[in-house]
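Reviewing the structure listed below.
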Amino acid sequence: MPEFTPPWWLRNAHAQTVFGRIVRPRRLVELERETIGTPDGDELVLDHLAGDPKTRFILMHGLEGSSNSVYMQGLLSAIARRGTSATAINFRSCARDPKNLSRMLPNRRPRFYHSGETGDFDFVANALAKRWPSTTFLAIGASLGGNALLKWLGEHPGQTTIAAAVTISVPYDLGAGAIHLEESWGGRLYVNRFLNTLKKKVKAVANTFPETTLDIDRVMRSRTFREFDDAATAPLHGFRDADDYYARSSSIHFLPKITTPVLCISAEDDPFLPKEALERARAAAPPNVQFVTTPHGGHVGFVGESMTYWAEELAVEWLLAQ
């Protein structure tokens, strides 16, 4: 594995986390958009990258991301430079309007997505496999998308749809991650940013679907992920409460069942996950799930010395080598 060396002036975890989100473009490649209906009557927006049809990457973004997130565009650009095709899945309520990237497209059902939602990935992966039966499929998930990808792989030991997978900055233990963000000095800044858009989405769902019986006042008062997940994520998606959601959705519990070759890339200074949870995840993984951890890198950062994005390049190279 190539070593990751950040610039001397960009070693701080928070700087690594936010740097790319400030300076990187959100449109690096040309994508073809497709909207497909889901079995439950909703829609998923897929963005396809044209390339060699023999191999196709399936990409999943993180919390409140989309195919236009800078790391998704970075992955798609790395794939395009190697002449390979890809499909980026936009989670429900996350697809951006191509004419106005600040506007997210709504969904049609009284729900959206969460860290343990694997049904939509299963639906898309199988649909693409039926569409292109001679194609080899590889998968990459970042942050929340990586947690969902690992959970899906653990739910389907022995599956042959995805030949190999890579994850970047996965929050393996959702409960531990939520506590870590509450207690760390910079954590609340990230939480506030995410809750700002998540609350708006939940309020829109409640207004469109009054049968949801959500306590909107409680949702809007939430100041931590646990409070929000207790008031919104759990009731919207069939969990008893936040603890039930974390217990049933954390990928650390599914790692031992994975039989697919997987590379998990994480930084020890990830502000979204305590180091001890990363160590527990590594200990739980079977030999076919390989961990690469770096001292620096932040959360889906990994900005290298030459202003290249090390984890994205490694993810694509490793998968193609498989």
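Observations on the model:
- Relative contact order (%) - the chain, alpha-carbon pairs under 8 angstrom, separation at least six: 22 percent
- Where labels lie 7 Å past Cα in the beta-carbon direction, separation of Ala50 and Glu268 in nm: 4.6 nm
- Cα centroid separation, region 5-46 to region 265-296 (Å): 21 Å
- The alpha-carbon positions of the chain define a convex hull whose volume is 123 Å³ per residue.
- Antiparallel DSSP beta bridges within the chain, percent to nearest 5: 35 percent
- Mean Kyte hydropathy of -0.5 or more with a Cα span along the axis of at least 24 Å, helices from DSSP in the chain: 187-208
- 15 Å Cα-Cα reach of Lys201 towards aspartates and glutamates, excluding residues that sit fewer than 8 places from it in its own chain: Glu64, Asp215, Asp217, Asp229
- For region 11-118, the Kirkwood hydrodynamic radius from C-alpha pairs, put into Stokes-Einstein at 10 °C and a viscosity of 1.306 mPa s, yields a diffusion coefficient of 107 µm² per second.
- Mean residue ellipticity (222 nm) of the chain, computed from DSSP H runs ≥ 4 via -39,500 (n - 2.57), nearest 500: -11500 deg cm²/dmol
- One compactness figure for region 156-301 is 1.16, namely its Cα radius of gyration divided by 2.2 N^0.38 Å.
- Accessible surface calculations at 1.4 Å, restricted to protein heavy atoms, place the chain at 42 Å² per residue.
- Fraction of accessible area attributable to carbon and sulfur, the chain (%, probe 1.4 Å): 52 percent
- The packing ranking, built from the mean of other Cβ atoms within 10 Å per residue, places the peptides 25-33, 135-143 in the order 135-143, 25-33, highest first.
- Cα-based shape type of region 271-322, given that a ≥ b ≥ c are square roots of the gyration tensor eigenvalues and the cut on a/c is 1.5: oblate
- Candidate lysines for bridging to Lys54, where Cα separation is under 27 Å - those fewer than 8 sequence places away on the same chain excluded: Lys130, Lys151
- Area projected by the alpha carbon convex hull of region 216-322, averaged over all directions, nm²: 8.9 nm²
- Label point at Arg193 placed 7 Å out along Cα→Cβ; residues across region 1-45 whose backbone nitrogen lies under 11 Å: 14-23
The values are calculated or read from the model by the stated rules, or taken from the named source; none is laboratory data. What you see is a predicted model, and the numbers here were worked out from it, not measured in a lab. In this analysis, Cβ positions are derived from the backbone assuming ideal geometry, glycine residues included, and neighbour counts consider all displayed protein chains. These accessible areas exclude ligands, DNA and RNA; they are computed on the full protein's heavy atoms, side chains included. Shrake-Rupley method; radii C 1.70, N 1.55, O 1.52, S 1.80 Å.
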